[in-house]
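*Asks:* There's a structure below that I have some questions on.
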Amino acid sequence: MRLDVVTIFPEYLEPLNVSLVGKARARGQLDVHVHDLRQWTYDRHNTVDDTPYGGGPGMVMKTEPWGDALDSLLADGYEAGDGGPVLVVPTPSGRPFTQELAVELSERPWLVFTPARYEGIDRRVMDEYAARMPVYEVSIGDYVLAGGEAAVLVITEAVARLLPGVLGNAASHRDDSFAPGAMANLLEGPVYTKPPEWRGRGIPDVLLSGHHGKIARWRRDEALRRTALNRPDLLERCAAADFDKKDREMLSILGWAPEPGGRFWRKVQDVEE
Ligand code: 6GU
């Protein structure tokens, strides 16, 4: 997979040399190109921003440097269709970045990222390239970052670990908490390793039992417990049919019940007299 990143802070992308993504690059599985947007400015001050039309606070990134930068890197091997590039524009006003979108992006051969600073990029840039290639405006969560570079690191790591041969064990993604099409998207429960006792704290007996069926059941119960606590919205999205009899027992212990009609589960409210 090829990745291009155009940014005014190329040094912010240094972590792409480290760990899983760095190793994928070293092995030739990822071909990463980081470009300084100011290469495509022609004035003495290397200006990339200007005041917004219509007024208001902050600055807007100008069309010309982005247009020249994108034309220049796309000219290098541009191909329309499935083999062509997609533009990934990190912005707090984008669609949520999910595991499903990570899988979709991991199936493309070439991703071009345009992380912005200031109040964002002049709209005409996205409109211009949307006529030539898929454009994904993506947000990594409900908070505001000072720029899109950290989002590029997040998206790249989520995508790179899905590429064939990048993680040691390909089966490991199927069990990811947010793997698309999983029966029920549950958070993973706690994990333990040696020593068996640390500061007076032991390991749940079942994990030492060697009984695979009981261990699987315990893990599933812990996943239900953690999901109910931290992400009740995920449980609410599960159909009643996602759960077996033992799941139902656990959900009921956790204070959840099927809604009238039984299609989904919901937290049971304490009824007051
Ligand atoms: Cl992708 N960019 C910025 N600046 N803020 C964000 C974001 C992206 N996702 C969430 N907040």
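*Asks:* I need every pair where a residue in region 137-152 that is among the acidic types (Asp, Glu) has its Cβ under 7 Å from the Cβ of a residue that is part of a strand (DSSP E or B) and near the ligand (Cβ under 7 Å from one of its atoms), sequence separation at least 6 or different chains.
*Replies:* Listed by first residue and then by second, the contacts come to Glu137/Thr91; Glu137/Gly94.
*Asks:* Kindly indicate whether any position in region 75-93 is assigned to a helix (DSSP H, G or I) and under 23 Å from Ala146 (Cβ atoms).
*Replies:* Scanning region 75-93 turns up no residue that is assigned to a helix (DSSP H, G or I) and under 23 Å from Ala146 (Cβ atoms).
*Asks:* Next question, about the same structure. Do you know which residues across region 97-112 are under 12 Å from Gly83 (Cα atoms), surrounded by fewer than 18 Cβ atoms within 10 Å (Cβ to Cβ) and either in contact with a strand residue (DSSP E or B) (Cβ under 6 Å, 6 or more places away or on another chain) or in contact (Cβ under 8 Å) with a residue 60 or more places away in the chain (or both)?
*Replies:* Answer for region 97-112, where residues must be under 12 Å from Gly83 (Cα atoms), surrounded by fewer than 18 Cβ atoms within 10 Å (Cβ to Cβ) and either in contact with a strand residue (DSSP E or B) (Cβ under 6 Å, 6 or more places away or on another chain) or in contact (Cβ under 8 Å) with a residue 60 or more places away in the chain (or both): just Pro109.
*Asks:* Confirm whether Gly58 is surrounded by fewer than 14 Cβ atoms within 10 Å (Cβ to Cβ) and within 16 Å of the ligand (Cβ to nearest atom).
*Replies:* It is true that Gly58 is surrounded by fewer than 14 Cβ atoms within 10 Å (Cβ to Cβ) and within 16 Å of the ligand (Cβ to nearest atom).
*Asks:* Something else: Can you tell me which residue in region 122-148 is surrounded by the fewest Cβ atoms within 10 Å (Cβ to Cβ), limited to those that are assigned to a helix (DSSP H, G or I) and touching a strand residue (DSSP E or B) at 6+ places or on another chain (Cβ under 6 Å)? Lay out the reasoning, then the answer.
*Replies:* First pass over region 122-148, keeping only residues assigned to a helix (DSSP H, G or I): 123-130.
Filter again for touching a strand residue (DSSP E or B) at 6+ places or on another chain (Cβ under 6 Å), leaving 126, 129.
Numbers: Met126: 17, Tyr129: 22.
Restricting to residues being assigned to a helix (DSSP H, G or I) and touching a strand residue (DSSP E or B) at 6+ places or on another chain (Cβ under 6 Å), the top hit is Met126.
Condition check ((1) touching a residue at least 40 places away in the same chain (Cβ under 8 Å); (2) surrounded by fewer than 17 Cβ atoms within 10 Å (Cβ to Cβ)) across all residues:
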position: Gln29; (1), (2): yes, yes
position: Leu37; (1), (2): no, no
position: Asn46; (1), (2): no, yes
position: Thr63; (1), (2): yes, yes
position: Ala80; (1), (2): yes, yes
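*Asks:* Criterion first (more than 16 Å from the ligand (Cβ to nearest atom) and either on the phi > 0 side of the Ramachandran plot or hydrophobic (A, V, I, L, M, F, W, C) (or both)) does Leu153 satisfy it?
*Replies:* Working: more than 16 Å from the ligand (Cβ to nearest atom): no; either on the phi > 0 side of the Ramachandran plot or hydrophobic (A, V, I, L, M, F, W, C) (or both): yes.
It is false that Leu153 is more than 16 Å from the ligand (Cβ to nearest atom) and either on the phi > 0 side of the Ramachandran plot or hydrophobic (A, V, I, L, M, F, W, C) (or both).
*Asks:* When the residues of region 1-54 are narrowed to those that are hydroxyl-bearing (Ser, Thr, Tyr) and not in a strand (DSSP E or B), which ends up farthest from Arg124 (Cα to Cα)?
*Replies:* Going through region 1-54, the residues hydroxyl-bearing (Ser, Thr, Tyr) turn out to be 7, 12, 19, 41-42, 47, 51, 53.
Going one step further and asking which of them are not in a strand (DSSP E or B), we end up with 12, 19, 41-42, 47, 51, 53.
Details: Tyr12: 26, Ser19: 37, Thr41: 18, Tyr42: 20, Thr47: 18, Thr51: 15, Tyr53: 13 Å.
Per the criteria, the residue is Ser19.
*Asks:* Still on this model: Would you call Gly147 within 14 Å of the ligand (Cβ to nearest atom) and at pLDDT 95 or above?
*Replies:* Criteria met by Gly147.
*Asks:* Output the number of residues of region 82-96 satisfying the condition of being within 16 Å of the ligand (Cβ to nearest atom) and either surrounded by fewer than 13 Cβ atoms within 10 Å (Cβ to Cβ) or of a type outside the set (Val, Ile, Thr) (or both). Talk me through it step by step, then tell me what you get.
*Replies:* Step one: of region 82-96, the residues within 16 Å of the ligand (Cβ to nearest atom) are 86-96.
Cutting the leftovers down to either surrounded by fewer than 13 Cβ atoms within 10 Å (Cβ to Cβ) or of a type outside the set (Val, Ile, Thr) (or both) gives us 87, 90, 92-96.
Going through region 82-96 one residue at a time, the tally reaches 7.
*Asks:* A further question on this structure: So which residues in region 104-125 are over 17 Å from Val48 (Cβ atoms) and within 16 Å of the ligand (Cβ to nearest atom), if there are any at all? Step through it out loud before you land on a result.
*Replies:* To start, the set of residues in region 104-125 that are over 17 Å from Val48 (Cβ atoms) comprises 104-112.
Scanning region 104-125 gives Leu105, Leu111, Val112.
The values are calculated or read from the model by the stated rules, or taken from the named source; none is laboratory data. Note that the structure is predicted; figures quoted are calculated from it, not measured. Neighbour counts are summed over all protein chains in view; Cβ atoms, including those assigned to glycine, are modelled from backbone coordinates with ideal geometry.
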